[in-house]
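Visitor: Handing you this structure, nothing more for now.
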Amino acid sequence: MFGRSIRIGSIGGIPISVDVSWFLLAAFLVYQVVSQRSADLGSGTALAIGLLTAVLFLGSILGHELAHAGVARLRNLPVTGIRLFMFGGSTGIQMENKPADEFLTTVVGPLTSIAIGFALVGASFAHFPPAVHDTLRWVGGLNVFLGILNLVPGFPLDGGRILHAGIWKLTGNERKANSIAARSGMVVWAVAAAFGLYLVIPGVARSNLDSGIWILLISVMMFQGAKSTLDRERIFDHLSQGTVHEAMGPPPETIPDDITLSDALDRYLRGHETETFPVSSQFQPMVGVLTFDSARKVGSENPLRPVRDAMLPTSGVLQVRLDDKLDAVANRLVAERLPAVVVQDGQIVGQIAIPDIDRWLRGRRVG
């Protein structure tokens, strides 16, 4: 969403990465404190308080995301990682088709932010210097405020996802829940954007110009996020009406397992970088599959090695059926990031990838 991310480590085996914008937020927080407190604290103390503010606030964001990840782990849901950026963070969770999973893994985030906030406010009553006392109270109060704000049913906030889980549970229809939650989010953010615009109108509330700009900027971004979700649902409505048989490409040629990777590149792979080729042996019609990436990984070291050294096991590809719906197949392709082949009666009869689905979709729209 914001650009390149940098992995900074892992917690409990969960990769943690930060967007460049996260460092900009840290610098902004430090700058704000230094510019406002240098006169009464001195530049050195103000810098230290600025760093403390940044660490506490950014650490609170990380705690919020770790809460999502922790509950997901308790629900036996795979967690792919946590990414932190300027306006918060996101936790990659491979959800199953259970609204309870979505509700529990989502609601714990805002509740954790509120709990962190109260803990910081409570800690401020200890015997700390006044500047530290004020920082703990400010960051704590901000966490409580943001935790409550995050419960507003404005998708893609956590509150919007909680609303989505509730509608999904009541209707039993995830797609309908997606649509309603996205529309709710668009309404919430349109109202917020209108309020931000009101604040920046000259002569109306000039003293709140900075706040108005921030509210307007964030609201527009969130509105686009909600609208993107609604657009995605419309696309998936179309995809649900198609099958793999309608969108798949022709079956690839079979590559013998004993030819060299150099030969395989020249005869099969070049110009077919997105395709998946079955690999045959002298005794079996399919012992594995070969992709351009798997061949390049081994062939870059020794292009004369045989194909069998670079092939993937059949479990390393998605196997779909002719009558599988395209929306389900698209979800699997995006989530699992594996090549897909179409199998019937144990034989590969075709292949399918995102470009094939996109081509089918564009053709249907034109028609």
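Visitor: Just the residues that are open to solvent by less than 90 Å² (accessible area, probe 1.4 Å), within 28 Å of the chain's Cα centre (by Cα), modelled with pLDDT under 85 and among the hydrophobic types (A, V, I, L, M, F, W, C), please, taken from region 334-367.
Guide: Hits for region 334-367 are 335, 338, 340, 341.
Visitor: Quickly run through region 116-151 and pick out the residues that are open to solvent by 60 Å² or more (accessible area, probe 1.4 Å) and of a type in the set (Gly, Ala, Ser).
Guide: So in region 116-151, the residues open to solvent by 60 Å² or more (accessible area, probe 1.4 Å) come out as 118-119, 125, 127-130, 134, 137-138, 145-146, 148-149, 151.
Answer for region 116-151, where residues must be open to solvent by 60 Å² or more (accessible area, probe 1.4 Å) and of a type in the set (Gly, Ala, Ser): just 119.
Visitor: Additional query: So which of 143, 178 is of a type in the set (S, T, N, Q), within 19 Å of the chain's Cα centre (by Cα) and either in a helix (DSSP H, G or I) or under 15 Å from residue 53 (Cα atoms) (or both)?
Guide: Details: 143 fails: within 19 Å of the chain's Cα centre (by Cα).
The match here is 178.
Visitor: Of the numbered conditions (1) open to solvent by 30 Å² or more (accessible area, probe 1.4 Å); (2) at pLDDT 90 or above; (3) among the small types (Gly, Ala, Ser); (4) over 23 Å from residue 218 (Cα atoms), residue 27 satisfies every one except a single condition; which is it?
Guide: Going through the list (1) open to solvent by 30 Å² or more (accessible area, probe 1.4 Å); (2) at pLDDT 90 or above; (3) among the small types (Gly, Ala, Ser); (4) over 23 Å from residue 218 (Cα atoms), residue 27 breaks only (4).
Visitor: Which count do you get for residues in region 27-44 that are hydrophobic (A, V, I, L, M, F, W, C) and over 39 Å from the mean Cα position of the chain (by Cα)? First the steps, then the outcome.
Guide: The initial filter retains those residues of region 27-44 that are hydrophobic (A, V, I, L, M, F, W, C), namely 27-30, 33-34, 39, 41.
Keeping just the survivors that are over 39 Å from the mean Cα position of the chain (by Cα) gives 39, 41.
Final tally of qualifying residues: 2.
Visitor: Here's a follow-up. Residue 73 is checked against (1) in contact (Cβ under 8 Å) with a residue 60 or more places away in the chain; (2) within 24 Å of residue 172 (Cα to Cα); (3) surrounded by 15 or more Cβ atoms within 10 Å (Cβ to Cβ); (4) of a type outside the set (A, V, I, L, M) and fails just one. What number does that condition carry?
Guide: The number of the failed condition is (2).
Visitor: For region 304-333, how many residues are open to solvent by 60 Å² or more (accessible area, probe 1.4 Å) and assigned to a loop (DSSP other than H, G, I, E, B)?
Guide: If we filter region 304-333 for residues that are open to solvent by 60 Å² or more (accessible area, probe 1.4 Å), which is where we start, we get 304-305, 308-309, 313, 315, 319, 321, 323, 325, 331-332.
Now narrow it down to the ones that are assigned to a loop (DSSP other than H, G, I, E, B): 304-305, 313, 321, 323.
Result for region 304-333: 5.
Visitor: Checking residue 25 against (1) assigned to a helix (DSSP H, G or I); (2) on the phi > 0 side of the Ramachandran plot, which single condition isn't satisfied?
Guide: (2)
Visitor: Would you point out which residue out of 84, 62, 58 is assigned to a helix (DSSP H, G or I), touching a helix residue (DSSP H, G or I) at 6+ places or on another chain (Cβ under 8 Å) and within 30 Å of residue 131 (Cα to Cα)?
Guide: On the way: 84 fails: assigned to a helix (DSSP H, G or I); 62 fails: touching a helix residue (DSSP H, G or I) at 6+ places or on another chain (Cβ under 8 Å).
Just a single option satisfies the conditions, and that option is 58.
Visitor: Related question: Could you check region 76-85 and list, in sequence order, the residues that are more than 13 Å from the chain's Cα centre (by Cα) and either buried (at least 17 other Cβ atoms within 10 Å of the Cβ) or free of Cβ contacts under 8 Å to residues at least 12 places away in the same chain (or both)?
Guide: Kept after step one, since they are more than 13 Å from the chain's Cα centre (by Cα), are these residues of region 76-85: 76-78.
Passing the criteria: 76, 77.
Visitor: Moving to a separate point now. Could we say that residue 99 is open to solvent by 50 Å² or more (accessible area, probe 1.4 Å), farther than 22 Å from residue 139 by Cα and not acidic (Asp, Glu) here? Quick ask: steps written out before the conclusion?
Guide: Values: open to solvent by 50 Å² or more (accessible area, probe 1.4 Å): no; farther than 22 Å from residue 139 by Cα: yes; not acidic (Asp, Glu): yes.
No: the conditions fail for residue 99.
Visitor: If the Cβ limit is 8 Å and pairs must be 6+ apart or interchain, which residue in region 297-313 that is of a type in the set (Lys, Arg) pairs with which residue that is part of a helix (DSSP H, G or I) and open to solvent by less than 80 Å² (accessible area, probe 1.4 Å)?
Guide: Pairs found: 305/261; 305/298; 305/299.
Visitor: Do any helices (runs of 4 or more DSSP H) lying entirely in region 208-277 carry at least 3 residues that are open to solvent by 50 Å² or more (accessible area, probe 1.4 Å), in contact (Cβ under 8 Å) with a residue 40 or more places away in the chain and farther than 30 Å from residue 347 by Cα, and which ones are they? Outline the logic, then answer.
Guide: Numbers: elements: 209-239, 244-247, 261-264.
Because the criterion is at least 3 residues that are open to solvent by 50 Å² or more (accessible area, probe 1.4 Å), in contact (Cβ under 8 Å) with a residue 40 or more places away in the chain and farther than 30 Å from residue 347 by Cα, the helices (runs of 4 or more DSSP H) in region 208-277 that meet it are 209-239.
Visitor: Starting from residues that are touching a Pro at 6+ places or on another chain (Cβ under 9 Å) and touching a residue at least 40 places away in the same chain (Cβ under 8 Å), keep the ones in region 162-176 and report whichever is surrounded by the fewest Cβ atoms within 10 Å (Cβ to Cβ).
Guide: 169
Visitor: What are the residues in region 87-140 that are of a type in the set (Phe, Trp, Tyr) and either under 30 Å from residue 174 (Cβ atoms) or not in a helix (DSSP H, G or I) (or both), if any? Can you show your working first?
Guide: Taking region 87-140 as the starting set, the residues that turn out to be of a type in the set (Phe, Trp, Tyr) are 87, 103, 118, 125, 128, 138.
Within region 87-140, 87, 103, 125, 128 meet the criteria.
Visitor: Would you point out which residue out of 154, 159, 196 is of a type in the set (Gly, Ala, Ser), open to solvent by less than 20 Å² (accessible area, probe 1.4 Å) and not in a helix (DSSP H, G or I)?
Guide: Details: 159 fails: not in a helix (DSSP H, G or I); 196 fails: not in a helix (DSSP H, G or I).
Testing whether each residue is of a type in the set (Gly, Ala, Ser), open to solvent by less than 20 Å² (accessible area, probe 1.4 Å) and not in a helix (DSSP H, G or I) leaves just 154.
The values are calculated or read from the model by the stated rules, or taken from the named source; none is laboratory data. All values derive from a computational prediction rather than experimental measurement. For neighbour counting, all protein chains shown are included, and Cβ atoms are generated from backbone atoms with ideal geometry for every residue, glycine included. Ligands, DNA and RNA are stripped out before the accessible areas are found, and what is left, the full protein with its side chains, is counted by its heavy atoms. Shrake-Rupley method; radii C 1.70, N 1.55, O 1.52, S 1.80 Å.
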